[in-house]
Amino acid sequence: MKDIKISAQLFTLRNYTKTLGEFKDTLYKVKKLGYKSFQHSGAGPMDPGDIKNCLDETGMIMSATHTSALRLKNDIKGVIKEHHLWNCEFVGIGMMPEEYQNNYDGIVRFAHEYNEIGRILKKEGLRLIYHNHNFEFQKYNDKLIMDILMEETDPNSFEFEIDTYWVQAGGGDPVDWIYKLDGRMGYIHFKDMAMSGRDQIFAPVGEGNLNWEKIITACEETAVEWCAVEQDVCEISEFDCLGQSYDNLTIHYGMKD
């Protein structure tokens, strides 16, 4: 087993990263919460060199990105150059583009096209990771989309970045899926689910109903390297939610960042 590094998914703070100044201030605030790293996602347009300067100034590590799937097809050289500049190994696809989603052939086409992109990234020392939502738990030809993606891609080129909330929302078991993806997942999203009346809502990690002891154990036993804390919608301050998640993981669940 190994320690899992804790990162802040900046999509949680997307309203505070629209400009370079906001981005830098947000990195300092995230660092003050205890985080040493972050996933770059949801920020406004910024020069890659300016982002690198923010990393150097704040001392924060960029653990992963969510990168436009279209850009991965049209500007793979630029994506590679940026990730090398940022010393960022994981290149994430935040969602399957809608054009592929609604039929079996489209899903297979997505898998094949982005498997090839993953091969290109792999040759450059980078790792392609795919982030699920709940729609990947519907079936085509009696197979879950997640299973189709696994079957139609090469484990050496196409990895996964499951989101614990969205697995649960899709009717899956996050713990089962962590074990199922053993060897194909170095990066995971930690996101909790609570209930408000009859509605599922996002919650700070440890404040909802997911079984974090089993989730963390499964991550340790499958050598997951990074967990990124995320909350799509917050009932209180987004910074407070990230701070509460970090404290729960490190204090209550004994994780060492």
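Values for this structure:
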{"read-out": "Strands (runs of 3 or more DSSP E) wholly inside the stretch 181-257 containing at least 2 residues that are farther than 20 Å from ILE162 by Cα, more than 16 Å from the chain's Cα centre (by Cα) and modelled with pLDDT of 95 or more", "value": "192-196"}
{"read-out": "The stretch 168-226, residues that are over 18 Å from THR12 (Cβ atoms), without any contact (Cβ under 8 Å) to a residue 60 or more places away in the chain and of a type in the set (Gly, Ala, Ser)", "value": "GLY170, GLY171, GLY172, GLY183, SER196, GLY197, ALA218"}
{"read-out": "Selection status of GLU82, within 17 Å of the chain's Cα centre (by Cα), within 23 Å of GLU124 (Cβ to Cβ) and among the acidic types (Asp, Glu)", "value": "no"}
{"read-out": "Members of the stretch 64-78 found to be without any contact (Cβ under 8 Å) to a residue 24 or more places away in the chain and closer than 19 Å to GLN39 by Cα, listed by number", "value": "SER68, ARG71, GLY78"}
{"read-out": "Filter result for LYS214 (surrounded by 21 or more Cβ atoms within 10 Å (Cβ to Cβ) and either on the phi > 0 side of the Ramachandran plot or basic (Lys, Arg) (or both))", "value": "no"}
{"read-out": "Residue within the stretch 79-99 that is surrounded by fewer than 18 Cβ atoms within 10 Å (Cβ to Cβ), of a type in the set (S, T, N, Q) and on the phi < 0 side of the Ramachandran plot present", "value": "no"}
{"read-out": "Residue under evaluation PRO45, criteria (1) under 29 Å from ASN248 (Cβ atoms); (2) over 17 Å from the mean Cα position of the chain (by Cα), criterion not met", "value": "(1)"}
{"read-out": "The stretch 129-152 residues that are more than 26 Å from CYS88 (Cβ to Cβ), paired with ones that are among the acidic types (Asp, Glu) and not in a loop (DSSP other than H, G, I, E, B) (beta carbon under 6 Å, 6 or more apart)", "value": "ILE145/GLU136"}
{"read-out": "Unique residue being more than 21 Å from GLU230 (Cα to Cα), of a type in the set (Gly, Ala, Ser) and without any contact (Cβ under 8 Å) to a residue 60 or more places away in the chain when the list is GLY44, GLY21", "value": "GLY21"}
{"read-out": "Test: LYS52 is touching a helix residue (DSSP H, G or I) at 6+ places or on another chain (Cβ under 9 Å) and among the basic types (Lys, Arg)", "value": "yes"}
{"read-out": "Among the residues listed as ARG119, ARG127, ARG109, the single one being in contact with a strand residue (DSSP E or B) (Cβ under 6 Å, 6 or more places away or on another chain) and among the charged types (D, E, K, R)", "value": "ARG127"}
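The values are calculated or read from the model by the stated rules, or taken from the named source; none is laboratory data. In this text, all values refer to a predicted model and were calculated from it rather than measured experimentally. Neighbour counts are summed over all protein chains in view; Cβ atoms, including those assigned to glycine, are modelled from backbone coordinates with ideal geometry.
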